[in-house]
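Visitor: Structure in structure tokens, see below.
Nothing in this text is a laboratory measurement; each read-out follows from the coordinates by a stated rule. What you see is a predicted model; the values in this text were computed from it and never measured. So basically every Cβ, Gly included, is an ideal-geometry build from the backbone, and we count neighbours across all protein chains shown.
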Amino acid sequence: MLRWLHRVWLKHVLYRSRIPYPLWHEVISGVSVLSCLDFREQHRLRKLSSLFLHEKTISGAGSFDVDDKKRVYIAAQACLLILNLDLDYFSGWHEIIIYPDSFVIKREEYDDSGVVHETRRTLAGEAWGRGPVILSWSDARPGSHSHGPASNVILHEFAHKLDMLNGAANGMPPLHKNMVRKQWTASLSQAYDRLYHQIERHHHTVIDPYAAENPAEFFAVLTEVFFEKPDLLHKLYSQVYLQLSLYYRQDPLRHMCRHQRD
């Protein structure tokens, strides 16, 4: 009975709130990670994105204007992560806040002596545990790639949201029943250690060095690379690619190969 009522509710929401096709087509045509999806995947993504926009508020900080095109652009990329999962993966919070540019946050941190220091950091995005996702439009807008050709701040921050489903972000999102925790841990830990030592020795890395900040950032950055440059991730860390394929239930290499043939 409850399942039937849920289906009726979904049909009602989609009837009233489905993203208009001209707007949808305009948005995904300009985003390679979306335009390379096949027809069925794009259809499913449009449905998920419509439901996402029904459940979430996307608004500008201060007087920054966020129009429907920006909302769809953000929703579609957020929902790419859960294309073969479920909208429930983004439950428990309701707001996305968009700043026109990078923003400064203040935090109090304790040193080893217990002395409190106020720090300021300039960010392109931030995800709060049970709170909003905050994004800088100048870093999120089409064609930005502000931290390299594989960067995508939207994918990055929403990957943190998935990571936080186990509590604190630590690079260990809730795994599916067909996944082996030891294999996930071994694959990502070995890749993390390798990247960390490359950076420590001042070697050039094609992966954003920010990935070595901690395991949570490693998961988020490699999620960006998984979708934006799957061939690169597969070449560098094939076992990480495998684990992310199992987790997201997607194989972006397939889309990249088809797109290259076309």
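Visitor: Just grab the label-to-label distance for Ser17 and Leu246, each label 7 Å out from Cα along the Cβ direction, in nm (one decimal).
Guide: According to this spin-label approximation, the distance is 3.5 nm.
Visitor: For Lys229, go through the aspartates and glutamates and keep the ones whose alpha-carbon is under 20 Å away, minus same-chain ones fewer than eight residues off.
Guide: Once the sequence-local aspartates and glutamates are set aside, what remains near Lys229 is Asp38, Glu41, Asp139, Glu157, Asp208, Glu217, Asp251, Asp262.
Visitor: List, largest first, the extents of the alpha carbons of the chain along their principal axes, each in whole Å.
Guide: Extents along the principal axes, in whole Å: 57, 44, 40.
Visitor: Still on this structure: Given R₀ = 41 Å, FRET efficiency for Val116-Ser238 by Cβ-Cβ distance, to 0.05?
Guide: Using R0 = 41 Å, I get an efficiency of 0.40.
Visitor: Connecting C-alpha atoms closer than 10 Å in a GNM of the chain, tell me which of Val104, Val206, Val31 has the biggest fluctuation.
Guide: Comparing Val104, Val206, Val31 in a Gaussian network model of the chain, the most mobile one is Val104.
Visitor: Ser35 to Ser102: extension gain in nm, 0.36 nm per residue of separation minus the Cα-Cα distance?
Guide: So the extension gain works out to 21.4 nm.
Visitor: Please report the antiparallel percentage of DSSP beta bridges with both residues in the chain, rounded to the nearest 5.
Guide: Given both bridge residues lie in the chain, the antiparallel proportion sits at roughly 60 percent.
Visitor: Lysines within cross-link reach of Lys161: Cα-Cα under 16 Å, excluding same-chain residues under 8 positions apart?
Guide: Of all the lysines, those that pass the test against Lys161 - Cα under 16 Å, at least 8 places apart if same chain - are Lys56.
Visitor: Using Cβ counts within 10 Å as a stand-in for footprinting exposure, how do Tyr99, Tyr241, Tyr89 rank, fewest first?
Guide: Tyr89, Tyr99, Tyr241
Visitor: Also, I was wondering about something else. Which of Cys79, Cys36 comes first, and how do the rest follow, when ranked by fewest Cβ neighbours within 10 Å?
Guide: Listing Cys79, Cys36 from fewest to most nearby Cβ atoms yields Cys36, Cys79.
Visitor: Determine the alpha carbon to alpha carbon distance for each of Lys70/Lys106; Lys106/Lys177; Lys182/Lys235; Lys70/Lys182; Lys106/Lys182 and list only those over 32 Å.
Guide: Lys106/Lys177; Lys70/Lys182; Lys106/Lys182
Visitor: With n ≥ 4 as the cut-off for DSSP H runs, can you work out [θ] at 222 nm for the chain, using -39500 (n - 2.57) per run divided by the number of residues, rounded to the nearest 500?
Guide: For the chain, the value works out to -16000 deg cm²/dmol.
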